[in-house]
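The values are calculated or read from the model by the stated rules, or taken from the named source; none is laboratory data. Small disclaimer: the values here were computed from a predicted structure and weren't measured. Cβ placement follows ideal geometry from the backbone for every residue including glycine, while neighbour counts extend to all protein chains displayed.
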Amino acid sequence: DQQVKQNSPSLSVQEGRISILNCDYTNSMFDYFLWYKKYPAEGPTFLISISSIKDKNEDGRFTVFLNKSAKHLSLHIVPSQPGDSAVYFCAASARGNYGQNFVFGPGTRLSVLP
Amino acid sequence: DSGVTQTPKHLITATGQRVTLRCSPRSGDLSVYWYQQSLDQGLQFLIQYYNGEERAKGNILERFSAQQFPDLHSELNLSSLELGDSALYFCASSVVAGGLTQYFGPGTRLTVL
């Protein structure tokens, strides 16, 4: 049972345009959401996060939107740059008794074309 | 460079064998997480340690075990290896047990033949 879904395995966008990566979740207990970027042969790198009490968080070219009623979040990258080409993972977190349980989606491979 | 180190980078072994993966967290981070990424799949959370104690458990097989030592480095032990255990194993660290931002190491690629 996939609790975090990224239904688009890949996405291609022209340089300078907007990239929109989508993520859906099923567990209403998730209270924190994160996006990670992963280049080949490297570990994932934290990009941006959002708490369930917010519906938008912005950091430079990156904005994450959260729609709790639809259990959906999206990452917008504007403008897209060739260096943004990577695999993007959406992750959701629910606070447990002692630690934080993280569930990752399968990832979306973004290709930004020059 | 995240500051998290993992050794070895690559490991090739045979079915039925046992291996140990090592992780050193960022300086000052007390919490360590282990993840498995199989081919074309997302990261599967295995287990979390905080200051030497187990804090959360995910989809970790009974053949797998982990520990965190007093110097805060962690080891993931995989035994009775099967072909399906071939994967990338990532370690991540955070400052506190509920640290919401994790810093990932470069991973260990395990190949079971």
Residues located in the range B:57-94, provided they are more than 9 Å from every other protein chain (Cβ to nearest Cβ), part of a loop (DSSP other than H, G, I, E, B) and surrounded by 15 or more Cβ atoms within 10 Å (Cβ to Cβ): B:ILE60, B:LEU72, B:HIS73, B:SER79, B:LEU81, B:SER86
Matching option when the condition is under 27 Å from A:PHE30 (Cα atoms), polar (S, T, N, Q) and at pLDDT 95 or above, among B:SER65, B:SER93, B:SER80, B:SER86: B:SER65
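So is A:LEU21 among the hydrophobic types (A, V, I, L, M, F, W, C), in contact with an Asp or Glu (Cβ under 6 Å, 6 or more places away or on another chain) and in contact (Cβ under 8 Å) with a residue 24 or more places away in the chain or not?
Numbers: among the hydrophobic types (A, V, I, L, M, F, W, C): yes; in contact with an Asp or Glu (Cβ under 6 Å, 6 or more places away or on another chain): no; in contact (Cβ under 8 Å) with a residue 24 or more places away in the chain: yes.
Criteria not met by A:LEU21.
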Residues of the range B:1-56 satisfying the condition of being surrounded by 13 or more Cβ atoms within 10 Å (Cβ to Cβ) and aliphatic (A, V, I, L, M): B:VAL4, B:LEU11, B:VAL19, B:LEU21, B:LEU30, B:VAL32, B:LEU43, B:LEU46, B:ILE47, B:ALA56
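Identify, please: which residue in the range A:73-93 is of a type in the set (S, T, N, Q) and free of Cβ contacts under 8 Å to residues at least 60 places away in the same chain and is, among those, surrounded by the most Cβ atoms within 10 Å (Cβ to Cβ)? Lay out the reasoning, then the answer.
So the first thing to find is which residues in the range A:73-93 are of a type in the set (S, T, N, Q), and the list is A:74, A:80-81, A:85, A:93.
Subsequent filtering for residues that are free of Cβ contacts under 8 Å to residues at least 60 places away in the same chain retains A:74, A:85.
Details: A:SER74: 16, A:SER85: 19.
Step by step, filter the range A:73-93, then rank; the result is A:SER85.
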Residues of the range A:8-50 classified as more than 15 Å from A:THR108 (Cβ to Cβ), at pLDDT 95 or above and either within 11 Å of chain B (Cβ to nearest Cβ) or in contact with a strand residue (DSSP E or B) (Cβ under 8 Å, 6 or more places away or on another chain) (or both), total: 2
Selection count where residues are closer than 24 Å to A:ARG109 by Cβ and either part of a loop (DSSP other than H, G, I, E, B) or among the hydroxyl-bearing types (Ser, Thr, Tyr) (or both), scope the range B:45-56: 0
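Those residues that are within 14 Å of chain B (Cβ to nearest Cβ) and either more than 28 Å from B:ASP1 (Cβ to Cβ) or of a type in the set (S, T, N, Q) (or both), I need them from the range A:51-90; list them, please.
Of everything in the range A:51-90, those that are within 14 Å of chain B (Cβ to nearest Cβ) and either more than 28 Å from B:ASP1 (Cβ to Cβ) or of a type in the set (S, T, N, Q) (or both) turn out to be A:SER51, A:SER52, A:ILE53, A:LYS54, A:ASN57.
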